[in-house]
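Working notes for the structure below.
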Amino acid sequence: MPRAALLLLLLLLAGSRAQAALMLEMLVYPNAGVFEAAPGTGPGGPGGAMLQRVQALSGVQLHQQLMPIPRALLTVKHKPGNCMVAVSRSPERNGTLLWAGPWARGATTIYSRADDTRRIHDPRQLRGTRVVVLRDSSPADWLKAQSLPAIEVKDNSTGLRMLQARRVDYWLANDLAARFVIRAEGGPAPRPLYHFGRIDLYMACHPGSDPEAVGALDAALAQMRRNGELAEFGMR
């Protein structure tokens with residue numbers, strides 16, 4: 001093969017490898033008003049728009065997939081190149097995944113119906129009550145840490161509707177996610193009673209994922225925080 005042709009081939013192969021390196025699977029779990037199903041285009045809503053902006057700024061192609069939280073967590077744990085869009089950086093996860101962000105901030109918040117006059121000032125007051133929470137979420141982890149039983153559901157919309165229908169006493173949720181859900185679902189707005197601590201949400205990736213691609217995501221999110229583009233997600 002002529003030297004010039006060989007050089008061109010090597011350059012093309014190098015470019016192909018570089019392009020492939022800047023790709024990640026981004027797993028998103030549905031949350032009404034934040035990430036919503038948009039057939040043929042990936043997740044819609046403000047969360048979907050945020051991911052499109054991250055992709056443009058980072059140069060990382062994100063193959064977005066809507067997936068339930070338990071399955072997404074297992075996938076990120078076992079498959080290199082997979083990331084999850086909203087994960088809390090808990091001590092047990094911190095050293096086992098690659099991280100970008102944070103990109104959203106909320107608080108673990110207990111909600112009641114508007115006509116419920118009870119007050120909550122301490123976790124112990126939740127004992128003996130029926131609390132609904134999103135399965136495998138940070139609020140669910142908080143309840144387990146307090147040794148408090150819960151009714152776990154697949155999405156926050158279900159939790160809100162159960163509260164509105166008087167099937168439970170309280171709904172525990174990240175107040176940022178709850179705000180979007182309440183706005184999207186309508187109906188009688190619940191009353192926030194108490195905040196039990198802040199939640200920072202990150203993009204978390206399998207440790208075998210390309211560190212250059214994950215670093216590019218982190219840099220893009222940092223730029224969006226500086227520019228105020230993540231204000232809608234509580235990052236001011």
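The values are calculated or read from the model by the stated rules, or taken from the named source; none is laboratory data. Here the structure is a predicted model, which means the values were calculated and not measured. Neighbour counts run over all protein chains shown; Cβ positions are idealised from the backbone, glycine included. Remember, those area values only see protein heavy atoms, side chains included, never the ligands or the DNA or RNA. Shrake-Rupley method; radii C 1.70, N 1.55, O 1.52, S 1.80 Å.
Quick notes on this structure:
- Output for segment 161-177, where each listed residue is touching a Pro at 6+ places or on another chain (Cβ under 8 Å) and open to solvent by less than 20 Å² (accessible area, probe 1.4 Å): Leu163, Trp171, Leu172, Ala173, Asn174
- Residue in segment 179-188 that is touching a Gly at 6+ places or on another chain (Cβ under 9 Å), open to solvent by less than 30 Å² (accessible area, probe 1.4 Å) and within 30 Å of Gly95 (Cα to Cα) present: no
- For segment 57-96, filtered to residues that are part of a loop (DSSP other than H, G, I, E, B) and either farther than 25 Å from Glu152 by Cα or without any contact (Cβ under 8 Å) to a residue 24 or more places away in the chain (or both), the residue that is least open to solvent (accessible area, probe 1.4 Å) is Val60.
- Note on segment 202-221: residues that are open to solvent by less than 20 Å² (accessible area, probe 1.4 Å) and more than 20 Å from Lys79 (Cα to Cα) amount to 2.
- Residues (modelled with pLDDT of 95 or more and closer than 13 Å to Leu24 by Cβ) located in segment 64-84: Thr75, Val76, Lys79, Pro80, Gly81, Asn82, Cys83, Met84
- Residues that are part of a loop (DSSP other than H, G, I, E, B), closer than 19 Å to Ala32 by Cα and not aliphatic (A, V, I, L, M) within segment 161-195 comprise Gly186, Gly187, Pro188, Pro190, listed in sequence order.
- In segment 143-160, the qualifying residues are those that are assigned to a helix (DSSP H, G or I) and over 16 Å from Glu36 (Cβ atoms), and the one that is most open to solvent (accessible area, probe 1.4 Å) is Lys144.
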